[in-house]
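Visitor: A single structure is presented below for examination.
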Amino acid sequence: MQSEKLRLRKIQRLAYEIMDEMHKEKDRMEMHKLIPIIDNLSRAIGDLTDSVGKYSLDYVEEKVKNAHELLFNKEKVDVYS
């Protein structure tokens, strides 16, 4: 299993790729495509901001990865590579 620091860095990279893609000068995406992307990212942020300080890195990875896959129309993204 990889270190938490490395896993967080990979999650951050996926999140930055999502942010960059969403801000590109191009036709705006249809709302039906954006809603599940935003939902997955919101769930990841919600888990990270738990007031007790407990969060599941697996859950956060899954939600950010799902948002990335939805945006880039990819089948699966291996966040461990």
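The values are calculated or read from the model by the stated rules, or taken from the named source; none is laboratory data. What you see is a predicted model; the values in this text were computed from it and never measured. In this analysis, Cβ positions are derived from the backbone assuming ideal geometry, glycine residues included, and neighbour counts consider all displayed protein chains.
Visitor: Could you tell me which residue of the range 27-46 is surrounded by the fewest Cβ atoms within 10 Å (Cβ to Cβ), considering only residues that are modelled with pLDDT under 90 and among the acidic types (Asp, Glu)?
Guide: ASP27
Visitor: Tell me, which residue of the range 1-17 that is at pLDDT 90 or above and of a type in the set (A, V, I, L, M, F, W, C) is surrounded by the fewest Cβ atoms within 10 Å (Cβ to Cβ)?
Guide: Ranking the qualifying residues of the range 1-17, first place goes to LEU6.
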